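All remarks here apply to the structure that follows.
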């Protein structure tokens, strides 16, 4: 009796005898045919919508397909406002699709779905007696991200190397809540542990509340000590449109200056030990740049205001601390190149002031501590100087200052043969800055602040210039520069030669 024959055998024999290159060509032709068919169908749908764009419709329902872990009450706050029964006037078809697109964009910004949420429209079932000829059902097709992700890796930059681990748990209760656990250890940040719980408010991706706890230990060789932090805080963030956002935060922090080097200065030794800071901070950002790392056009405005220890806040340090940052970029046209040349000129300015206050409801302002003062100098602000290389010093220690100003001018150009579409740029830069401690005027703090601000314009600031390479990675900016200090004051520490920096915020 003959054995049964599998009809697939002939197919496999045929495939084995076929030239692999021919198979590749056939597969490619099938893919191209399918893609052409998909594009043709999409164009037909666009034409259909365009020809009926003013047709009055009523959205009878919106359904999110392909999700299991998002709760109904969370989605209702997004979809209910655009359901036809909740509106006094009907939509046109174009308006209905625009509202559906806005809802899909909101869903994307919660970061719990993969990109590519698709929208489709259908008529309600004919068996539904409550439907009308103008009713439509909208379907959103989405795919949820994995609920738990774990990342490990290493970082190198800003004179520090570190290893880190990150555990993210998304959409915990079905409303885009998340818990983010971070742990890292490095050459400068000895250890850092942080846990953050984050949740949107009323299903709005532009309004978020987060609660965090942290513990860290950081080596600060420029001031001969280590700083240990333990604390917790809460933050409320909201966006107001047009690239503008706000954040209000409360932080309670126990700080320790410990691990003093044998050569630590009297200033560092006097601030050693424990301190408690209780503060409220407001941050405002207006970002109109086309790229945060290698902008071609646009501007950035940022302010940070912090009040600590005053009135009911208590703690054992009290001050008002305010910082301003601004930058702008303009494209530079190049003869012979049409459109955007990839060459841009950027400028940046940063300034800050720490104003001493009395703790609680007392009457005597407290002098600032090294924990709270500004530091200036390094590869991400005033290049050509060491970390903490500018400003007041006590012996070999950079003890920080209460008032500072720094500025930079940069010319970014694409590298020859690579072109403007790559994230690599050649950089020419010049930057300058000054960092000052408050002058002692007894109890007259206001006079002391006024005199110190006036001193910023006394003589030339510390100045450096140089050339380098800039690489804009999606998560950070990398710089390798050759710097030449041009002006420096007695005691300041310059850095002539190569300097490497990694960060998200460069001057």
Check residue 121 against each of (1) touching a helix residue (DSSP H, G or I) at 6+ places or on another chain (Cβ under 7 Å); (2) surrounded by 13 or more Cβ atoms within 10 Å (Cβ to Cβ); (3) not in a helix (DSSP H, G or I) and name the one condition it does not meet.
(1)
Tell me the residue from 195, 234 that is part of a strand (DSSP E or B) and exposed (fewer than 15 other Cβ atoms within 10 Å of the Cβ), please.
234
Looking only at region 75-85, decide whether some residue is at pLDDT below 85 and assigned to a helix (DSSP H, G or I).
yes
Please find, among 404, 482, 478, 500, the residue that is farther than 19 Å from residue 353 by Cβ, modelled with pLDDT of 95 or more and touching a strand residue (DSSP E or B) at 6+ places or on another chain (Cβ under 6 Å).
482
Considering only region 201-211, state which residues are surrounded by 15 or more Cβ atoms within 10 Å (Cβ to Cβ), assigned to a strand (DSSP E or B) and over 17 Å from the mean Cα position of the chain (by Cα).
204
Subset of region 280-339 (residues that are part of a loop (DSSP other than H, G, I, E, B) and closer than 17 Å to residue 243 by Cβ):
288, 289, 290, 291, 292, 293, 295, 296, 297
Given (1) assigned to a loop (DSSP other than H, G, I, E, B); (2) more than 21 Å from residue 404 (Cβ to Cβ), residue 490 misses just (2)
If you check 255, 314, 269, which single one turns out to be surrounded by 15 or more Cβ atoms within 10 Å (Cβ to Cβ), within 30 Å of residue 363 (Cβ to Cβ) and either without any contact (Cβ under 8 Å) to a residue 12 or more places away in the chain or not assigned by TED's automatic domain parsing to the domain that holds residue 380 (or both)?
269
Within region 429-458, considering residues that are assigned to a loop (DSSP other than H, G, I, E, B) and touching a residue at least 12 places away in the same chain (Cβ under 8 Å), the one surrounded by the fewest Cβ atoms within 10 Å (Cβ to Cβ):
443
In the set 416, 392, which member is over 26 Å from the mean Cα position of the chain (by Cα), closer than 21 Å to residue 466 by Cβ and without any contact (Cβ under 8 Å) to a residue 60 or more places away in the chain?
416
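The values are calculated or read from the model by the stated rules, or taken from the named source; none is laboratory data. Not measured: the values here are computed from a predicted model. A quick note on method: Cβ atoms are made from the backbone with ideal geometry, for glycine too, and the neighbour counts reach across all protein chains shown.
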